[in-house]
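The values are calculated or read from the model by the stated rules, or taken from the named source; none is laboratory data. Keep in mind that this is a model prediction, so the values were computed, not measured. So basically every Cβ, Gly included, is an ideal-geometry build from the backbone, and we count neighbours across all protein chains shown. Ligands, DNA and RNA are stripped out before the accessible areas are found, and what is left, the full protein with its side chains, is counted by its heavy atoms. Shrake-Rupley method; radii C 1.70, N 1.55, O 1.52, S 1.80 Å.
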Amino acid sequence: MKIPLSIKELYASKVQLFEALKESVDTWVEGEKESKWHYESRVKELESFALKFETGRFDSASIFDDFFGGMIVVPTHSEITKVENMLREKFTLVSKKPSDKSFATYSPEHFVFDDLRLYLRFDKEKFLSPKVEILDQLVFEVQIKTFLQHAWALSTHDLVYKSENISWSKHRVAYQVKAMLENIELSISSAETLSCNEIINKEDKRFKKLGRIVTLVDSKWDKESLPRDKKRLAENIFSCVDKLGMTVPDLASLIDESSCNTLKSISPYQSILMALINSKIDLFLKDNPRKLKLLISEELEEILNEENLKYLRDNKYVINL
């Protein structure tokens, strides 16, 4: 693209300053953001700056408002406000788009780009380094969006912005996808409410039993002993006791009688295996007709009845590592 010399010179006069701003903001955000958030940033390229300049929609001050821009991507829509509050504690808010999340700037049949954009002013007083003196009062942009919004932007960017042939139909496809993703976001953020709707407010025997197992282990083990993924723990327990023909009340009685929940050297699942193998070996049928597979850790092996463990190995219950 042919770019006038005056625009090149204007760009060159600011680029190093905003690269320094990028370095300071990047360092701060990376230190403050949660590990599950994604962050990336850029200083606007010359061609992009020139194209923006030629729109004529900006004055001499605001032309630089997104010269440096960052983006923070979060898993769910509910976390966007959390990110906004984090940024506003460190930087001064100049403006944001949309300015009011409860007011739409487009008609309901349109699905336009409306991800949250904050325009923030750098304040040297909130940074300890003397190197930030030159960055004081610079304005920059941060977009905050969900991973679904980010995925749409990445996947359709070339269709909407980079296509060699401007195409109504390609734009239509891109924004049809955006409409579908908005519906997905709505379903995710309203899952608690939607799950109570009579159309889908159902359960099956397996999920009912899994829920009862989660409630049981919560009541028998302290929080530090349990994994974050309690559903996976419940599935592991269910897979075992279901093949042995045990009910959840049977399992609760076994835990109480064996005091297996007091063991600290092994996991809750392995503790239940210990109780089953040591006191309920009769439930493990000869030749393992239900194909139950058990992983026995070294720590568990030390507290198992040797004769019972041999029986399990002889009947192909134990997985050999």
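As a test question: what accessible area, to the nearest 10 Å², does residue 257 have when a 1.4 Å probe is rolled over all protein chains in place?
The accessible area of residue 257 comes to roughly 140 Å².
Of all DSSP beta bridges in the chain, what percent run antiparallel (nearest 5)?
Rounded to the nearest five, the antiparallel share is 70 percent.
Quick one: of 264/291; 205/291; 101/209; 44/124, which pairs are farther than 32 Å apart, Cα to Cα? List each step's numbers first, then the result.
Numbers: 264/291 29 Å; 205/291 21 Å; 101/209 41 Å; 44/124 23 Å.
Beyond 32 Å between Cα atoms: 101/209.
If you take Rg and Dmax of the Cα atoms in Å from the coordinates, which of (1) 22.3, 69; (2) 29.5, 88; (3) 26.5, 80 do you get?
Here the calculated entry is (2).
Can you figure out the FRET efficiency of residue 176 with residue 105, using R₀ = 22 Å and their beta-carbon distance, to the nearest 0.05? It would help to have the intermediate numbers written out before the result.
On the way: r = 20 Å, r/R0 = 0.93.
Calculated transfer efficiency: 0.60.
Only bridges with both residues in region 1-146 count here: give the DSSP antiparallel percent, nearest 5.
About 75 percent, rounded to the nearest 5.
Note down the nm distance, to one decimal, between modelled labels 7 Å out along Cα→Cβ at residue 307 and at residue 39.
Label at residue 307, label at residue 39, 6.3 nm between them.
In nanometres, what is the gap between the two model label sites at residue 235 and residue 81, each 7 Å from Cα along Cα-to-Cβ?
3.2
Positive end of the charge dipole of the chain (Lys, Arg +1 and Asp, Glu -1 on Cβ, about the Cα centre): tell me which of 120, 102, 186 has its Cα farthest that way.
Ranked along the dipole, the leading option is 186.
For a protection proxy built on the mean count of beta-carbon atoms within 10 angstrom, sort 199-210, 139-150 highest first, please. Walk me through the intermediate numbers first.
On the way: 199-210: 10.8, 139-150: 20.8.
Put in order of decreasing packing, that is 139-150, 199-210.
Which pairs in the list 208/310; 202/231; 22/170; 90/145; 36/202 are over 24 Å apart, alpha-carbon to alpha-carbon?
Numbers: 208/310 35 Å; 202/231 18 Å; 22/170 34 Å; 90/145 19 Å; 36/202 32 Å.
With Cα atoms farther than 24 Å apart: 208/310; 22/170; 36/202.
With a 1.4 Å probe and every protein chain left in place, work out the accessible area per residue of region 226-271 in Å², rounded to a whole number. All intermediate terms of the calculation are to be shown ahead of the outcome.
Working: 2340 Å² over 46 residues.
Normalised by residue count, the accessible surface of region 226-271 is 51 Å².
FRET efficiency for residue 295 and residue 203, Cβ-Cβ distance as r, R0 = 35 Å, nearest 0.05? The partial results should precede the final answer.
Values: r = 30 Å, r/R0 = 0.84.
Efficiency at R0 = 35 Å is approximately 0.75.
Assuming R0 = 22 Å, can you tell me the calculated FRET efficiency for the pair residue 27 and residue 137, based on Cβ-Cβ distance, to the nearest 0.05? Don't skip to the answer; put the middle values down first.
Working: r = 19 Å, r/R0 = 0.87.
With R0 = 22 Å, the Cβ-Cβ based efficiency is 0.70.
Considering only protein heavy atoms and a probe of 1.4 Å, how much of the accessible area of region 178-321 is carbon and sulfur, as a whole percent? Don't skip to the answer; put the middle values down first.
Working: 4820 of 9420 Å².
That share works out to 51 percent.
How high is the relative contact order of region 13-125, in percent, counting Cα pairs under 8 Å that sit 6 or more residues apart? Numbers along the way, then the final one.
Details: 87 pairs, mean separation 26.9, N = 113.
Relative contact order comes out at 24 percent.
Relative to the Cα centre, what is the charge dipole magnitude of the chain, using +1 at the beta carbon of each Lys and Arg, -1 at the beta carbon of each Asp and Glu, and rounding to the nearest 20 debye? Could you put the intermediate results ahead of the total?
Details: 48 positive and 52 negative charges, 148 e Å.
Its charge dipole is roughly 720 debye.
For the chain, take the longest principal axis of its alpha carbons; what is the angle in degrees between that and the long axis of helix 205-220, to the nearest 10 within 0 to 90?
It is inclined by approximately 90 degrees.
At 1.4 Å probe size, with no ligands or nucleic acids counted, give the accessible surface of residue 11 in Å², nearest ten.
40
Using alpha carbon centroids, what distance separates region 181-244 and region 256-283, in Å?
Taking the Cα centre of region 256-283 as reference, the centre of region 181-244 is 23 Å away.
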